[in-house]
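Read-outs: derived from the displayed coordinates by stated rules, not from any lab. On a predicted model such as this, the values are computed, not experimentally measured, just so you know. Cβ sites come from the backbone with ideal geometry, for glycine too, and all protein chains shown count toward neighbours.
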Amino acid sequence: MSETFKAFKERVLKSAAYHEAGHTVAAALLKMPLREGGVHVDSKCCGVSLICCRNPGDPRNAPDDIQQRERTIIMLYAGYIAQRKFFSGCPRDGALKDETTANALFTEIFQSEKHPSWSATEQRLRKATQRLVEERWNIIQALAETLWSREPVSRLDLGPESQWSTDSQERYMTGTEVRKLLEQFQITA
């Protein structure tokens with residue numbers, strides 16, 4: 001295996017740490033609770049951030065419901081935006097589930113992609129996410145690099161969330177470790 005290919009593969013794998021760091025930092029800034037299960041990445045470019053967020057399936061559409069959905073959409077977008085900022089050549093695979101979830105949340109807000117406000121709201125949230133990632137890049141980078149510096153260990157059993165990976169190895173940080181790191185940047189999570 002050539003050194004160039006090894007370096008490329010390492011960068012692709014490491015980009016997953018940036019993806020999950022993007023989700024986690026955005027969630028903390030948006031006052032979405034981080035769960036004790038923390039942040040995990042495997043050796044196949046997969047990851048999971050355990051965050052309390054709005055999931056599709058609740059039809060209520062009061063202003064608070066819409067705000068929760070919008071914050072969740074920003075958190076979802078932040079993963080891939082941070083991953084691409086770190087490595088523009090990263091595969092889009094990791095963003096597909098996030099995009100599907102975001103679209104389901106948009107559908108709950110607007111009932112149809114043809115709704116006149118769908119596109120404008122989507123653009124507004126993408127721009128807000130891009131700004132968040134740019135303005136807080138140093139925090140995302142610190143979290144991603146700390147996560148990636150961890151030695152791979154046997155993958156933990158996270159209960160129902162364990163389906164995020166088929167790999168036997170992972171790098172992870174607990175929720176407490178993530179919160180302590182964020183506190184260094186005056187972010188309470």
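Structure values in brief
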| read-out | value |
| --- | --- |
| Hits in the range 28-44 (condition: farther than 17 Å from Arg179 by Cβ and part of a strand (DSSP E or B)) | Val41, Asp42 |
| Residues satisfying the stated conditions in the range 7-27, i.e. among the acidic types (Asp, Glu) and either loosely packed, with under 15 Cβ neighbours inside 10 Å or not in a helix (DSSP H, G or I) (or both) | Glu10 |
| Number of the exception - Asp42 against (1) touching a strand residue (DSSP E or B) at 6+ places or on another chain (Cβ under 7 Å); (2) surrounded by fewer than 13 Cβ atoms within 10 Å (Cβ to Cβ) | (2) |
| Helices (runs of 4 or more DSSP H) wholly inside the range 84-189 containing at least 3 residues that are in contact with a strand residue (DSSP E or B) (Cβ under 8 Å, 6 or more places away or on another chain) | 137-149, 175-183 |
| Residue match in the range 63-72 (condition: in contact with a Ser or Thr (Cβ under 9 Å, 6 or more places away or on another chain) and more than 26 Å from Thr166 (Cα to Cα)) | yes |
| Residues that are among the aliphatic types (A, V, I, L, M) and in contact with an Asp or Glu (Cβ under 8 Å, 6 or more places away or on another chain), drawn from the range 74-101 | Leu76 |
| Residue within the range 45-62 that is assigned to a helix (DSSP H, G or I), of a type in the set (A, V, I, L, M, F, W, C) and surrounded by fewer than 22 Cβ atoms within 10 Å (Cβ to Cβ) present | no |
| One residue from Glu108, Glu122, Glu113, Glu135 being charged (D, E, K, R), in contact with a Pro (Cβ under 7 Å, 6 or more places away or on another chain) and over 22 Å from Ser43 (Cβ atoms) | Glu108 |
| Pairs, first touching a residue at least 12 places away in the same chain (Cβ under 8 Å) in the range 153-175, second among the charged types (D, E, K, R) and in a strand (DSSP E or B), C-beta under 6 Å, six or more apart | Arg155/Glu170; Ser165/Asp42; Asp167/Asp42; Glu170/Asp42; Gly175/Arg35; Gly175/Glu36 |
| Candidate set from the range 100-151 (those that are of a type in the set (A, V, I, L, M) and free of Cβ contacts under 8 Å to residues at least 40 places away in the same chain); member that is surrounded by the most Cβ atoms within 10 Å (Cβ to Cβ) | Ala102 |
